[in-house]
1. Condition first: charged (D, E, K, R) and open to solvent by 30 Å² or more (accessible area, probe 1.4 Å). Can you find one or more residues in the range 238-249 that meet it?
2. What number of residues in the range 99-151 are of a type in the set (A, V, I, L, M, F, W, C) and at pLDDT 80 or above?
3. Would you mind finding the one in 156, 177, 103 that is under 30 Å from residue 231 (Cβ atoms) and surrounded by 14 or more Cβ atoms within 10 Å (Cβ to Cβ)?
4. Going residue by residue through the range 226-233, is there one that turns out to be charged (D, E, K, R), open to solvent by 10 Å² or more (accessible area, probe 1.4 Å), farther than 30 Å from residue 144 by Cα and under 25 Å from the mean Cα position of the chain (by Cα)?
5. Could you list, in sequence order, all residues of the range 196-253 that are of a type in the set (A, V, I, L, M) and closer than 17 Å to residue 265 by Cα?
6. Of these, 373, 388, which one is of a type outside the set (Ser, Thr, Tyr) and open to solvent by 20 Å² or more (accessible area, probe 1.4 Å)?
7. Just to check your reading of the model, which residue among 186, 194 is of a type outside the set (Phe, Trp, Tyr), part of a loop (DSSP other than H, G, I, E, B) and either under 29 Å from residue 114 (Cα atoms) or open to solvent by 70 Å² or more (accessible area, probe 1.4 Å) (or both)?
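The values are calculated or read from the model by the stated rules, or taken from the named source; none is laboratory data. The structure displayed is predicted, hence computed values, not measured ones. As a convention, Cβ positions derive from the backbone with ideal geometry for all residues, glycine included, and neighbour counts pool all protein chains shown. When the accessible area is computed, the model is the full protein with side chains, heavy atoms only, and any ligands, DNA or RNA have been set aside. Shrake-Rupley method; radii C 1.70, N 1.55, O 1.52, S 1.80 Å.
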Amino acid sequence: MEIVILAVVIAVVVLGALGGLIVGSRRKKSLPPPPPAAPDITAPPAEPHVGDEAETPREEPRRTIEEVDLPEGGSTGVAVEEPPVVEAPAIEIPEPTAGRLVRLRARLSRSQNALGKGLLGLLSREHLDDDTWEEVEDTLLTADVGVLPTQELVERLRERVKVLGTRTPEQLRGLLREELLTLVGTDFDRTVKTEPEDRKPGIVMVVGVNGTGKTTTTGKLARVLVADGRTVVLGAADTFRAAAADQLQTWGERVGAHIVRGPEAGDPASVAFDAVKEGKEMGVDVVLIDTAGRLHTKTGLMDELGKVKRVVEKHAPLDEVLLVLDATTGQNGLVQARVFAEVVDITGIVLTKLDGTAKGGIVVAVQRELGVPVKLIGLGEGADDLAPFEPEAFVDALIGE
């Protein structure tokens with residue numbers, strides 16, 4: 001019986017072991033993967049706009065075509081910005097020339113009446129001996145009157161003072177005024193010739209050495225003419241100085257004057273010829289020709305100035321040749337005047353910078369040297385500081401009130 005029980009126990013143990021082996025082998029086998037779940041389908045992301053990050057755009061309110069304002073007339077073109085309008089320079093109205101020197105007399109007298117005061121002081125002495133008359137001569141020579149004019153004036157003064165005897169300040173002032181007027185000259189025709197009787201336009205050529213204010217004087221003369229109701233063409237024949245044509249054009253634009261210019265370093269005679277040609281075609285009253293500031297020591301350049309004159313006269317004769325002199329140069333200005341007079345026929349003189357350190361006697365000296373009158377004087381840097389020369393107003397400024 002015990003044997004039977006032992007056999008049953010062994011059989012149960014064997015069966016249990018076999019069952020565990022079967023279960024373990026099944027666990028070692030891999031199970032198949034579970035079927036994938038169905039993916040969620042979403043809309044593809046939109047392309048980013050310029051300046052946006054690469055992300056799905058946010059919902060934004062949108063307008064329909066009916067809500068969009070279109071340009072009038074149905075045009076959908078892009079608006080083009082118009083270029084800015086460049087305004088033309090304003091035309092200035094120059095100051096009238098009548099009595100201009102009288103209005104500028106105060107400025108002239110501030111720098112020039114040392115001559116008159118010095119002479120009046122000497123002539124007011126109780127005894128006029130030889131030493132006093134030598135001082136009178138020195139005063140006149142220092143004022144650039146010149147040797148011969150000084151000797152003539154002193155001789156006349158000595159005679160008249162001797163006859164006059166007793167002298168009051170008023171008598172001396174009147175005496176000195178008369179003699180200075182005689183010296184300056186009241187019988188010259190000081191009109192700037194710009195109105196020929198048989199043709200149009202009048203032709204004026206402006207000459208002078210570098211640094212005398214020649215181009216500026218040409219521009220100021222244009223203002224003088226415009227102020228008197230004349231129409232003007234400016235010829236920029238100074239082609240050797242880079243800024244000369246630009247400077248003259250600025251002067252012309254201020255008063256509405258037409259300007260003719262050529263290439264830099266071009267032929268001055270050609271520019272002068274074209275200026276007169278255009279002036280005739282436009283029917284203007286006056287053509288002003290600004291020439292190069294020739295050094296009076298350069299013979300070749302002076303010959304070229306003569307060429308400009310000859311070329312211009314193929315149209316018509318020159319009505320004026322104005323020589324511009326710096327009044328502060330004194331006797332050196334007379335040397336320049338002589339050389340220019342040999343090349344072109346000077347008809348008038350323009351004295352510039354007469355309000356500075358210039359001596360009033362240069363007016364007398366240069367007129368004696370050339371035999372032509374001072375027609376215009378410059379009394380400052382202002383646009384309207386060029387004045388017709390008036391002997392009476394000039395002498396009154398010399399001797400003061």
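1. yes
2. 13
3. When all the criteria are applied, what remains is 103.
4. yes
5. Listed by number, the residues that qualify are 236, 237, 242, 243, 244, 245, 248.
6. None of the other options fit; the residue is 388.
7. 186
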